[in-house]
2 protein chains.
Amino acid sequence: MPVDLQRFFPYRIARLADAVSRATAQVYAERFDLSRDEWRVLAALAELGEVRTSALMEHSTLDKMQVSRAVTRLAGAGLVLRSPDPADGRGYLQRLTPAGRAMHRRIVPMVRAREAFLLDALSPDQRAALDAALDAVHERARVLLGDG
Amino acid sequence: MPVDLQRFFPYRIARLADAVSRATAQVYAERFDLSRDEWRVLAALAELGEVRTSALMEHSTLDKMQVSRAVTRLAGAGLVLRSPDPADGRGYLQRLTPAGRAMHRRIVPMVRAREAFLLDALSPDQRAALDAALDAVHERARVLLGDG
DNA sequence: TATTGTTATACTCTATAACTATA
DNA sequence: TATAGTTATAGAGTATAACAATA
């Protein structure tokens with residue numbers, strides 16, 4: 001018996017994530033010329049303040065190369081400042097510049113508005129249920145992938 | 001005020017889809033050496049029988065180039081057979097070979113088992129709610145993207 | 001000897017458009 | 001003149017490993 005692709009969960013979630021991702025990227029990519037990775041690093045730094053690369057990796061689900069490249073490009077654009085980590089000579093601390101914070105402040109209301117538009121399709125109850133379901137399924141996926 | 005990236009919906013859904021996608025790809029990619037696009041075309045042909053390229057495009061959410069390449073590779077591997085469309089000399093009809101059907105029959109129980117494992121984290125009610133919520137949010141995303 | 005982070009390289013994907021053949 | 005599908009090509013993203021510096 002064939003798989004009904006249209007109802008197959010991995011297919012549906014992939015298509016949804018793609019649509020949501022493109023809808024969000026319209027803001028940070030088209031209007032602010034940031035890649036997805038750069039946007040994630042920008043958002044992570046806005047939350048975390050001044051942190052080491054390893055903290056950025058964890059917080060953005062990016063690997064060290066992706067973080068390295070994103071930070072290099074953001075630094076080149078004057079949005080991020082990096083300095084040697086006094087506690088570990090191999091590493092760096094990175095933080096937003098005033099320009100980086102300013103850009104973040106401009107992007108946030110726009111992406112939040114899009115997020116709100118997406119989720120306003122749901123009642124508060126539905127929203128809480130979706131929240132819990134996504135977490136539960138993600139947990140299962142981690143088991144299948146063997147990482148926690 | 002910063003975005004809490006960990007709770008930001010587009011980020012969460014992207015991470016979940018990535019995890020689910022990798023968990024599913026472990027089956028069709030590692031064990032059967034298919035790309036995601038090839039798997040989608042295989043699944044679509046198993047459902048649809050003998051169809052034109054345009055039907056594959058719609059059913060798999062792939063564009064004509066992606067379908068063209070996937071079909072070419074599947075045909076080279078003896079899994080798909082293509083023949084000229086008698087009703088339209090520009091197009092082709094493609095269908096699975098016995099080998100293609102056999103591979104599909106082997107893959108389906110495995111990916112279904114993974115899907116079931118993911119969704120068994122939810123009660124039937126939760127599952128129905130998730131279903132409806134994903135459709136509703138997807139509909140909103142389509143509005144943002146301006147395609148329906 | 002292990003870890004942090006960069007650089008190099010190769011590979012896969014994606015996006016665009018040019019092109020052939022047919023409608 | 002428009003459409004179905006292929007081919008070409010360039011750009012972006014991804015994955016692996018080699019590497020330098022420090023722990």
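Quick note: the coordinates plus some simple rules give every number you see, no bench work behind them. These figures come from a predicted structure and were not determined experimentally. Glycine also receives a Cβ, built like all others from the backbone with ideal geometry; neighbour counts cover every protein chain displayed.
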How much net charge surrounds B:LEU45 when only other residues with a Cβ under 11 Å from its Cβ are counted (Lys, Arg +1; Asp, Glu -1)?
+1
Calculated from DSSP helices alone, with each H run of at least 4 adding -39500 (n - 2.57) and the total divided by the residues of chain B, [θ]222 nm to the nearest 500 comes to -21000 deg cm²/dmol
So if I average 1/r over every pair of distinct C-alpha atoms in chain A and take the inverse, what Kirkwood radius in Å does that give?
17.5 Å
Suppose every K and R has +1 on its Cβ and every D and E has -1 on its Cβ; what is the size of the dipole of the range A:27-85 about the Cα centre, in Debye to the nearest 20?
120 debye
List, in order, the whole-Hz ³J(HN,Hα) value for each residue of the range B:90-102 obtained from phi through the Karplus relation with A = 6.51, B = -1.76, C = 1.60 and θ = phi - 60°; use x for Gly and Pro.
7, x, 10, 10, 10, 8, 6, 7, x, 5, x, 5, 5
Prolate/oblate/rounded call for the range A:35-82, Cα gyration tensor, a/c under 1.5 rounded:
rounded
Relative to the first principal axis of the alpha-carbon coordinates of chain A, what is the inclination of helix A:124-145, with its axis defined by its Cα atoms, in degrees from 0 to 90 and to the nearest 10?
80 degrees
Would you tally the net charge around A:LEU81, using a Cβ to Cβ cut-off of less than 10 Å, leaving A:LEU81 out, and scoring K and R as +1, D and E as -1?
+1
Folded to 0 to 90 degrees: helix A:36-48 orientation relative to chain A principal axis, Cα
70 degrees
Around A:SER35 (Cβ within 14 Å, Cβ-to-Cβ, excluding A:SER35; K/R +1, D/E -1) the net charge comes to +2
Per the axis that maps chain A onto chain B, nearest residue of A (Cβ criterion) and its distance in Å
A:ALA17, 2
Treat the count of other C-beta atoms within 10 Å as a stand-in for reagent exposure and order A:THR61, A:THR72 from fewest to most.
A:THR72, A:THR61
So, in nm and shortest first, the distances from A:ASP135 to its counterparts in the other copies, with label points 7 Å along Cα→Cβ, work out as 2.6
Inter-copy label distances at A:PRO86, 7 Å along the Cα→beta-carbon direction, one decimal in nm, shortest first?
8.3
Note the distances from B:ALA113 to each other copy's matching label point, with points 7 Å along the Cα-to-beta-carbon direction, in nm, sorted shortest first.
4.9
